[in-house]
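Working notes, structure below.
The values are calculated or read from the model by the stated rules, or taken from the named source; none is laboratory data. Source: prediction; values computed, not measured. All Cβ positions, glycine included, derive from the backbone under ideal geometry; neighbour counts span all protein chains shown. Side chains are part of the model used for accessible areas, which takes the heavy atoms of the whole protein and leaves out ligands, DNA and RNA. Shrake-Rupley method; radii C 1.70, N 1.55, O 1.52, S 1.80 Å.
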Amino acid sequence: MAGIYIHIPFCKQACHYCDFHFSTSLQYKQDLLQALVKEIELQKNYLQGETIETIYFGGGTPSLLEAVEIRSIIDTITRLHTVTSNAEITLEANPDDLSKAKLQDLKQTPVNRFSIGIQSFFDEDLVWMNRAHRADEAESSVKRAQDIGFENITADLIYGYPLLTDAKWKNNLNKVFELDIPHISSYSMTVEPDTALASFINKKKQPAMNEQQSAEQFTLMADAMQLNGFEHYEISNFCKPGHYSRHNSNYWKGVKYIGIGPSAHSYNGTERQWNVANNAKYIQSVTQNKLPAEVEILSETNRLNEYIMTSLRTMWGLELSKLNAIAPSAADELLKAAQTYFEKDWIVQKETTIYLTPTGKLYADNVAAALFF
């Protein structure tokens with residue numbers, strides 16, 4: 001089984017914190033869509049005949065596409081690949097794009113899951129982020145999608161930024177619980193270089209993010225999720241039983257996938273490749289039947305470290321046998337390096353699997369980096 005990711009590099013406006021590849025100009029939209037279809041054809045052998053069980057439209061803002069454009073891309077995939085009958089097909093969407101008419105059109109496509117970028121239910125926070133939607137649109141878009149029959153929904157929320165008090169954070173969490181959304185992805189506000197937010201902070205126009213606030217709001221969220229019947233199955237992801245993101249779970253489990261579009265990444269078990277993050281160069285290259293990608297052959301060390309990083313983030317944990325399958329004696333070496341973190345109660349071992357503890361989840365990246373080979 002494998003997955004396909006489609007990167008749609010267009011947005012109405014630039015969120016102040018975002019460093020993903022996108023353009024606010026739709027000038028090359030049709031050329032880009034034709035190039036996406038062309039790249040799917042050029043990359044048809046990358047997965048070596050693996051059956052496709054997930055398709056994910058990310059971005060950018062894929063909900064800017066018309067239903068007929070989405071269907072054209074999916075039709076190309078199904079023509080060139082075997083796709084399971086119960087494939088998870090996710091569309092990232094901004095609340096302001098999900099009008100009743102748009103949802104009715106999307107209901108006629110194979111899309112069966114929405115990832116809605118809510119971020120906050122407070123207008124002042126959305127303005128601060130420079131989001132295109134407002135709080136009332138966030139709530140109404142979810143209700144409209146549910147009314148039309150889309151039950152498999154995930155919502156994005158952000159915490160750990162100056163405007164977000166604990167009281168407001170609890171309100172945001174309670175709102176998604178009230179809306180009966182079965183999956184939530186939630187991320188601490190991160191200041192990426194070359195973003196508007198980084199510039200504001202450097203110029204003292206905005207305060208820096210507060211790590212203590214972020215840690216406290218993470219813990220508050222984890223406790224609230226547990227009380228409301230959600231499983232904390234990955235550091236930033238929570239779901240009601242059976243509502244895991246199959247696509248993203250496969251990333252963490254090392255399943256093969258192909259990324260289509262500018263800046264998209266691919267992985268086939270032995271190598272990674274990533275496309276140029278430039279719309280014009282991407283279109284030009286694909287039009288000339290050339291893949292606009294750089295390739296990295298993964299060394300034994302790369303594979304070990306990648307497994308450590310991804311597996312520790314999940315509730316399924318790090319299986320020592322999988323380390324040894326990559327390199328003999330790797331598990332013994334890791335266990336020696338891990339002693340400090342066992343003593344701190346940041347990780348625990350149950351039989352042959354290592355897991356982060358609730359406290360350890362606050363230091364997940366630090367623990368993983370310390371265990372790297």
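Pairs exceeding 26 Å between alpha-carbon atoms, taken from LYS175/LYS350; LYS44/LYS281; LYS29/LYS102; LYS240/LYS361; LYS175/LYS240; LYS253/LYS336: LYS175/LYS350.
Which length gain, in nm to one decimal place, applies between ALA167 and ALA208 when the Cα-Cα distance is subtracted from 0.36 nm times their residue separation? Walk me through the intermediate numbers first.
On the way: separation 41, 0.36 × 41 = 14.76 nm, distance 2.04 nm.
My answer for the length gained is 12.7 nm.
Summarised in one figure, the compactness ratio Rg/Rh of the stretch 250-367, Cα atoms and Kirkwood Rh, is 1.11. Distance from the Cα centroid of the stretch 329-370 to that of the stretch 56-78 is 40 Å (rounded to whole angstrom).
Pairwise Cα separations in the stretch 77-156 fall into 10 Å bins from 0 onward with the following percentages, short to long: 18, 46, 25, 9, 2. For the stretch 252-264, 3J(HN,Hα) computed residue by residue from phi via the Karplus equation (6.51, -1.76, 1.60; θ = phi - 60°) reads 5, 8, x, 6, 5, 7, 10, x, 10, x, x, 6, 6 Hz, glycine and proline entered as x.
Distance between the 7 Å Cα→Cβ label points at GLN146 and GLU124: 2.8 nm. For the stretch 179-258, the C-alpha radius of gyration sits at 1.39 times the compact-globule guess of 2.2 N^0.38 Å, with N the residue count. Computed from backbone phi with θ = phi - 60° and the Karplus coefficients 6.51, -1.76 and 1.60, the 3J(HN,Hα) list for the stretch 354-361 is 10, 10, 6, 7, x, 5, x, 5 Hz; x is used for glycine and proline.
DSSP assigns beta bridges within the chain; of those with both partners inside it, close to 40 percent run antiparallel. Note on the stretch 38-104: Cα Rg divided by 2.2 N^0.38 Å, N the number of residues, gives 1.22.
A cut-off of 5 Å between modelled amide H atoms, ignoring neighbours fewer than 5 places along the same chain, links ILE89 with ILE55, ASN112, ARG113.
On the accessible surface of the stretch 284-373, probed at 1.4 Å, how many percent belong to carbon and sulfur atoms? If you can, show how the numbers build up before the last one.
Details: 2390 of 5020 Å².
Whole-percent figure for carbon plus sulfur exposure: 48.
Grab the other residues whose beta carbon is less than 9 angstrom from that of ARG134, score K and R as +1, D and E as -1, and report the net. Spell out each step's value before the answer.
Details: positive: ARG131; negative: ASP96, ASP123, ASP136, GLU137.
Around ARG134, the charge tally is -3.
Across the stretch 77-85, computed HN-Hα scalar couplings (Karplus, 6.51 cos²θ - 1.76 cosθ + 1.60, θ = phi - 60°) run 4, 5, 6, 9, 9, 8, 10, 4, 5 Hz from first to last residue, x flagging Gly and Pro.
By how many nm would the segment from ASN324 to THR82 grow when fully extended, if each residue of separation counts as 0.36 nm and the alpha-carbon distance is taken off?
Numbers: separation 242, 0.36 × 242 = 87.12 nm, distance 3.25 nm.
Additional length available on full extension: 83.9 nm.
Computed as a quarter of the hull surface, the mean projected area of the alpha carbon convex hull for the stretch 22-139 stands at 8.1 nm². Isolated cysteines of the chain, defined as having no other cysteine beta carbon under 4.7 Å away, are CYS11, CYS239.
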